[in-house]
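Visitor: Let me give you the structure first, and then I'll get to my questions.
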Amino acid sequence: MKFPRLPLATRAALWYALIGALWIALSDRVAEALFPNPVQLTIIQTYKGWAFVVGSALFLLFYIARENRIRRDAQEEFASLFGQALEGIYQATLDGQYTKVNPALARMYGYEAPEEMLRMVTDVRSQVHVEAMMFDQFQNNLQRNGFVENFEAQHRRKDGRVIWTSTTARLVRRGDGTPAYYEGFVTDITNHKAAETALLE
């Protein structure tokens with residue numbers, strides 16, 4: 001069973017508690033064994049306390065910096081893949097409005113840049129889908145199953161030309177399990193559909 005990854009603040013607090021418990025349990029025994037004199041033991045306890053404060057602060061500093069670096073590297077890698085991918089990639093709100101599109105998707109629909117597509121496409125149901133009922137079916141499948149695979153539908157480009165697309169998408173949830181948004185991949189299968197039609201004819 002795979003457990004969800006805890007938030008950074010929770011993980012840092014757990015590490016702090018673990019280190020503190022081990023330090024108190026082990027260092028007290030060592031100090032009592034090495035310094036049986038009560039006066040010396042009191043002085044050592046003070047130094048030991050300061051050593052714990054400084055050591056734990058440095059550990060948390062490096063731990064949080066490392067986690068932030070890993071997260072930043074992952075975000076940069078995703079941004080690079082998102083921008084350079086040959087396949088159309090997007091993120092959308094639960095009602096289907098695009099919030100992110102990559103250059104490949106913008107080109108697929110005839111837009112010069114992702115910013116132009118995000119600005120001009122304000123209603124995916126009516127502007128992109130040729131048949132609104134297909135958009136509704138896609139949304140219902142996504143909400144019911146949490147993902148949609150190879151969903152074929154006719155979409156309308158900026159110039160009005162109709163293309164066939166195949167979409168694979170998944171529903172992304174928040175930490176508490178509630179739906180947040182969905183993201184997916186879109187492939188232009190117009191040529192494939194034309195070949196199928198020609199073969200049938």
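The values are calculated or read from the model by the stated rules, or taken from the named source; none is laboratory data. Note that the structure is predicted; figures quoted are calculated from it, not measured. Cβ placement follows ideal geometry from the backbone for every residue including glycine, while neighbour counts extend to all protein chains displayed. Ligands, DNA and RNA are excluded from the accessible area calculation, which covers all protein heavy atoms including side chains. Shrake-Rupley method; radii C 1.70, N 1.55, O 1.52, S 1.80 Å.
Visitor: Are there any pairs, at least 6 apart or on different chains, whose C-beta atoms fall under 8 Å, with the first in the range 7-25 and within 13 Å of Tyr63 (Cα to Cα) and at pLDDT below 75 and the second β-branched (Val, Ile, Thr) and open to solvent by less than 100 Å² (accessible area, probe 1.4 Å), and if so, which?
Guide: Here the result reads Leu8/Ile64; Ala12/Ile64, each pair linking the range 7-25 to a residue that is β-branched (Val, Ile, Thr) and open to solvent by less than 100 Å² (accessible area, probe 1.4 Å).
Visitor: Within the range 46-67, can you find the residues that are touching a residue at least 24 places away in the same chain (Cβ under 8 Å) and within 25 Å of the chain's Cα centre (by Cα)?
Guide: Selection gives Leu60, Tyr63, Ile64, Glu67.
Visitor: From the list Ile43, Ile64, which one is surrounded by 14 or more Cβ atoms within 10 Å (Cβ to Cβ) and either modelled with pLDDT under 90 or of a type in the set (A, V, I, L, M, F, W, C) (or both)? Show your work before the answer.
Guide: Working: Ile43 fails: surrounded by 14 or more Cβ atoms within 10 Å (Cβ to Cβ).
One residue alone meets the criteria, Ile64.
Visitor: Sticking with this one: Can you name every residue in the range 150-201 that is under 19 Å from Asp136 (Cα atoms) and open to solvent by 70 Å² or more (accessible area, probe 1.4 Å)?
Guide: Asn150, Glu152, Arg156, Trp164, Arg170, Tyr181, Phe185
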